[in-house]
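Since the structure comes first, as structure tokens, the remarks are kept for the end.
The values are calculated or read from the model by the stated rules, or taken from the named source; none is laboratory data. This is a predicted model, so every value here is computed, not measured. Ideal geometry is used to build each Cβ from the backbone, glycine not excepted, and the neighbour counts take in all protein chains shown.
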Amino acid sequence: MPPISQATSTAGSSRDASEDPIAVALSQRFGEHAVQEQVTLTGMPVVWVARHILIEALAFLHDMPEPFEMLYDLSAIDERLRQHRRGQPEADFTVFYHLLSVVRNRDVMLKVALDERDLELPSCIAVYPNANWYEREVWDMFGIDFHGHPHLTRILMPPTWNGHPLRKDYPARATEFDPYTLTVEGQEEEQQAMQFDPEAWGMRRESDDAEFMFLNLGPNHPSVHGVFRLVLQLDGEEILDCVPDIGYHHRGAEKMGERQSWHSYIPYTDRVDYTGGVMNNLPYVLAVEKLAGIEVPARVETIRVMLAELFRISSHLLFLGTYLQDLGAMTPVFYTFSDRQKAYEVIEAITGFRMHPAWYRIGGVAQDLPNGWDRLMRGFLDWMPSRLREYERAMMDNAVVRDRTRDIAAYTTQEALAWGVTGPCLRATGLDFDLRKKRPYSGYEHFDFEVPVGRHGDAFDRGQVRIEEMRQSLRIIRQCVDHMPAGDYKADHPLTTPPPRERMLEHIETLITHFLQVSWGPVVPPNESLAMIEATKGINSYYLTSDGNTTSYRTRIRTPSFPHLQQIPAVMRGGFVPDLIAHLGSIDFVMADVDR
């Protein structure tokens, strides 16, 4: 790796590391020659560190008086085709570590530059245990080794896959591949690759007095809520250990970001958490708006909040019905789906679509609110409160539900942070950490609502917290309806959605802008930005790298479900199979959110 001091020096592209307190602390601890700060639009200090101090730097931040308790994200960038890298060290590949501090309510990102002839880093699992899956993903997608990793194997791609898909020399379109064929021999090879080898995972097949059973739960089983496989090591009903196996739903969402224009990528975000609808659009368009320097009108912010909270309710209703179904109650799912239908009627009336509206736009929304939207919304707001009371009375107060969930799969706040758990699953442990309050975005600072928290961090609290969150979402939506600002539904900016038609027909400059936006899409200035939101299942974020083109150079999607599934073995060791089913239901995950 080139030393940090070999960074290109361009006026105005980087600042002295002493300007940020975290960078100051790193510089004082490890020396200025090993630390360099980068100016970005991510809203946090981004600090390059030399490879030989990486683990020490991570441990330093993890153990400082007000620590960075969570490894929020870890991924990489193939820099080899990037043109705009002012003020950054020479690098063929970059590995970045996004750390989050709850006590400081701020983040920091460490970056390490790598030469393509020496793609190796030390594993940081000893500092942050949830780095395990992230390091496997980086190896899978980029071919970067992490020495000291206990099981550096494919995680999203099949075991027999060749190549590393997020490298720039790997094709991004199906037409660039040869036609796919699967022979009888190839099918046999794939089947053999899927066989579980306990010894490879450090598992014993038997003890002195018992032979253990290895059971496949999934990849096709109702309780795993999608194509998800758990291999259980059982001693009778007791779970000695388990290995989650993901990737069956992977479809290259981040790779597709490299080929779609900034606008045309929006529908792809809907499909990541397919129960979240426009909630998935929000962090993406916020990140692009940072890059483009777009400030949206107050009306846009309020419309976005209103629809996002409506989808939060819809998602939580789906969770509640399937959660109780996993516990053996067959009726509730019909009630919750009926209530979701009422939500979808409002969503469809406003956006024209139901589950995947793809309705948010860079700089605004697709169109203004239609006539009569407020009447439909008020009807839903009047309907839901009594339904939530009924769910609590008939379901959460049910003795069977309480017996199946109280003190089941419980974990502490510290354990949740160590595994990267966010959202309702984190707040169920008693920690009041909600980005809508702690780091308001899209105008959330103007709304009056509370953050529900639990006390025990168990499966019951994870369900109860979501019911309370639906009440607070209704409270937020009512404020949107009562105080919807006047104004335009899009920003007056050349990089936003096409300008109003009446202006396009009067001014040639506006017509040219419209033509370029539709045919090419906007050209976004080179930089890096990140937007984090409190999505339905936890914190979701988009970390975008622009190289001054019509497409994103690198689109990193950090989803909440990915770390939530990684935590399963730590929670379930010593538990029982029925407890595992209850825990899986209480997580509220969808596999598209995991696999992307």
Seminar exercise, completed: Residue count, segment 102-112, condition out of contact with any Lys or Arg (no Cβ under 8 Å at 6 or more places or on another chain) and in contact (Cβ under 8 Å) with a residue 40 or more places away in the chain, comes to 7
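The rows are residues; the columns are (1) in contact with a Lys or Arg (Cβ under 8 Å, 6 or more places away or on another chain); (2) assigned to a helix (DSSP H, G or I); (3) under 22 Å from Tyr489 (Cα atoms).
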{"site": "Thr275", "(1), (2), (3)": "no, no, no"}
{"site": "Tyr284", "(1), (2), (3)": "no, yes, yes"}
{"site": "Lys290", "(1), (2), (3)": "no, yes, yes"}
{"site": "Ile303", "(1), (2), (3)": "no, yes, yes"}
{"site": "Gln325", "(1), (2), (3)": "no, yes, no"}
{"site": "Glu345", "(1), (2), (3)": "no, yes, yes"}
{"site": "Ile350", "(1), (2), (3)": "no, yes, yes"}
Exercise. Looking at segment 102-206, what strands (runs of 3 or more DSSP E) fall wholly within it and have at least 2 residues that are surrounded by 11 or more Cβ atoms within 10 Å (Cβ to Cβ) and of a type outside the set (D, E, K, R)?
Worked result: 106-114, 120-122
Exercise. Can you name the condition, by its number, that Arg312 falls short on among (1) under 30 Å from Ser261 (Cβ atoms); (2) crowded, with 20+ Cβ neighbours inside 10 Å; (3) in contact with a Phe, Trp or Tyr (Cβ under 7 Å, 6 or more places away or on another chain)?
Worked result: (3)
Exercise. So is Leu307 part of a helix (DSSP H, G or I), modelled with pLDDT under 90 and surrounded by 24 or more Cβ atoms within 10 Å (Cβ to Cβ) or not?
Worked result: no
Problem set entry | Count of segment 469-501 residues which are touching a residue at least 24 places away in the same chain (Cβ under 8 Å), assigned to a loop (DSSP other than H, G, I, E, B) and crowded, with 18+ Cβ neighbours inside 10 Å | 6
Seminar exercise, completed: Residues in segment 337-353 that are touching a residue at least 40 places away in the same chain (Cβ under 8 Å) and under 27 Å from the mean Cα position of the chain (by Cα) total 4
Exercise. For Val365, all conditions in the list (1) under 29 Å from Ala399 (Cβ atoms); (2) among the hydrophobic types (A, V, I, L, M, F, W, C); (3) touching a strand residue (DSSP E or B) at 6+ places or on another chain (Cβ under 9 Å) hold save one; what is the number of the exception?
Worked result: (1)
Problem set entry | Hits in segment 64-79 (condition: surrounded by fewer than 17 Cβ atoms within 10 Å (Cβ to Cβ) and either in contact with a helix residue (DSSP H, G or I) (Cβ under 8 Å, 6 or more places away or on another chain) or within 25 Å of Phe562 (Cα to Cα) (or both)) | Met64, Pro67
Exercise. Just wondering, is there one or more residues in segment 266-273 that are among the basic types (Lys, Arg), more than 30 Å from Gly575 (Cα to Cα) and either free of Cβ contacts under 8 Å to residues at least 12 places away in the same chain or in the same structural domain as His493 (by TED's automatic domain parsing) (or both)?
Worked result: yes
Exercise. Can you pull out the residues in segment 89-101 that are in a strand (DSSP E or B) and either of a type outside the set (Gly, Ala, Ser) or buried (at least 21 other Cβ atoms within 10 Å of the Cβ) (or both)?
Worked result: Phe93, Thr94, Val95, Phe96, Tyr97, His98, Leu99, Leu100
Exercise. Any residue at all in segment 222-244 that is in the same structural domain as Ser586 (by TED's automatic domain parsing), touching a residue at least 12 places away in the same chain (Cβ under 8 Å), within 30 Å of Arg154 (Cβ to Cβ) and surrounded by 19 or more Cβ atoms within 10 Å (Cβ to Cβ)?
Worked result: no
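So which of Glu32, Glu19, Glu56, Glu37 ends up being of a type in the set (Asp, Glu), surrounded by fewer than 22 Cβ atoms within 10 Å (Cβ to Cβ) and at pLDDT 85 or above?
Of the residues listed, the single one that is of a type in the set (Asp, Glu), surrounded by fewer than 22 Cβ atoms within 10 Å (Cβ to Cβ) and at pLDDT 85 or above is Glu56.
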For this session: Give, as residue ranges, the helices (runs of 4 or more DSSP H) completely inside segment 502-587 that count at least 1 residues that are surrounded by fewer than 24 Cβ atoms within 10 Å (Cβ to Cβ) and acidic (Asp, Glu).
Result: 508-519, 577-587
Exercise. Just one of Asp197, Asp208, Asp178 is under 27 Å from Asp145 (Cα atoms) and out of contact with any Pro (no Cβ under 8 Å at 6 or more places or on another chain); which is it?
Worked result: Asp197
For this session: State whether one or more residues within segment 291-304 are buried (at least 24 other Cβ atoms within 10 Å of the Cβ) and in contact with a Cys (Cβ under 8 Å, 6 or more places away or on another chain).
Result: yes
Exercise. Residue check: is Asp270 charged (D, E, K, R), modelled with pLDDT of 90 or more and within 21 Å of the chain's Cα centre (by Cα)?
Worked result: yes
Exercise. Got at least one residue in segment 246-269 being over 30 Å from His483 (Cβ atoms), in contact with a strand residue (DSSP E or B) (Cβ under 6 Å, 6 or more places away or on another chain), among the aliphatic types (A, V, I, L, M) and not in a helix (DSSP H, G or I)?
Worked result: no
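Ser223 - would you say it is in a loop (DSSP other than H, G, I, E, B) and of a type in the set (Ser, Thr, Tyr)?
In short, no.
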Problem set entry | Residue match in segment 450-459 (condition: of a type outside the set (Asp, Glu), assigned to a helix (DSSP H, G or I), closer than 25 Å to Arg558 by Cα and modelled with pLDDT under 95) | yes
Exercise. Has segment 305-322 got at least one residue that is free of Cβ contacts under 8 Å to residues at least 24 places away in the same chain and assigned by TED's automatic domain parsing to the domain that holds Ser586?
Worked result: yes
Exercise. Within segment 517-549, how many residues turn out to be over 30 Å from Trp419 (Cβ atoms) and out of contact with any Leu (no Cβ under 9 Å at 6 or more places or on another chain)?
Worked result: 6
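Residue-wise test of (1) aromatic (Phe, Trp, Tyr); (2) under 30 Å from Pro165 (Cα atoms); (3) under 24 Å from the mean Cα position of the chain (by Cα).
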residue	(1), (2), (3)
Asp209	no, no, no
Phe214	yes, no, no
Asn220	no, yes, yes
Leu234	no, no, no
Leu240	no, no, no
Exercise. Hey, does segment 498-520 have a residue that's among the aromatic types (Phe, Trp, Tyr) and under 24 Å from Arg299 (Cα atoms)?
Worked result: no
